[in-house]
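Shown next, in structure tokens, is the structure this report addresses.
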Amino acid sequence: MAWLAGMRITATRLRDNAPFLVNYTSITSSTPTTTSTAPSAAITTPPITFRAGRAYRVAYRGGMSSSTVGQQGTMTITKGTAAGAAVMNSQRVPGPAGQAGTVGFYFENIVANNGADTTTALVGTYAMTYQSGTGTIAVFGSAVTPAYLEVVDIGVATDYPSATSL
């Protein structure tokens with residue numbers, strides 16, 4: 001935000017000086033393994049207020065662990081619960097080529113709140129998309145390699161006309 005001569009500094013102007021971190025929620029241990037195609041919650045934020053007329057960058061980072069070669073998973077950010085409306089969908093995340101193990105993922109999306117203030121938790125989920133044999137997937141997390149959801153206010157929603165509507 002530019003400060004021009006004669007402008008008054010107000011709480012609103014200070015608060016809207018984007019970008020600023022709204023929420024960071026992480027896990028430092030791995031989730032339970034799954035073979036389910038239904039989404040399971042890996043990370044759930046506390047309730048976040050998404051202000052009217054603002055745009056936000058939401059990011060989901062972690063590692064997808066697979067127990068056998070050929071697994072594919074889907075990582076999604078949803079509103080409220082694991083079965084809530086999608087805010088971001090990774091589509092397919094392939095497991096490590098030629099082996100069982102962990103592959104990192106990082107996905108982000110820009111969402112805009114063009115309506116009234118909305119308060120909701122965000123949920124980072126994981127689900128099996130393609131199962132090879134009897135394998136499982138999980139979201140990996142550790143103290144030095146956390147998986148996390150991050151929400152950053154990036155400015156006025158009208159600056160992002162193609163953003164996903166919240």
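Bear in mind these aren't lab numbers, they're just calculated from the coordinates by the rules spelled out. Quick caveat: nothing in here was measured; it's all calculated off a predicted structure. Cβ coordinates were reconstructed from backbone atoms using ideal geometry, including for glycine residues, and neighbour counts include every protein chain displayed.
What to note about this one:
- Per-peptide average of other Cβ atoms within 10 Å, ordering 67-73, 114-120, 57-63, 42-48 highest first: 57-63, 67-73, 42-48, 114-120
- Along the axis of the charge dipole computed for the range 21-159 (Cβ charges of +1 for Lys and Arg, -1 for Asp and Glu, origin at the Cα centre), the listed residues G80, P96, Q131 are led at the positive end by Q131.
- Toward the positive end of the charge dipole of the range 21-133, with +1 on the Cβ of Lys and Arg and -1 on the Cβ of Asp and Glu, the farthest Cα among Y106, A52, S40 is that of A52.
- When you restrict to C-alpha pairs under 8 Å that are six or more residues apart and normalise by the size of the chain, the relative contact order lands at 39 percent.
- Dipole check for the chain: with +1 at the C-beta of Lys and Arg, -1 at the C-beta of Asp and Glu, and the Cα centre as origin, the magnitude is about 180 Debye.
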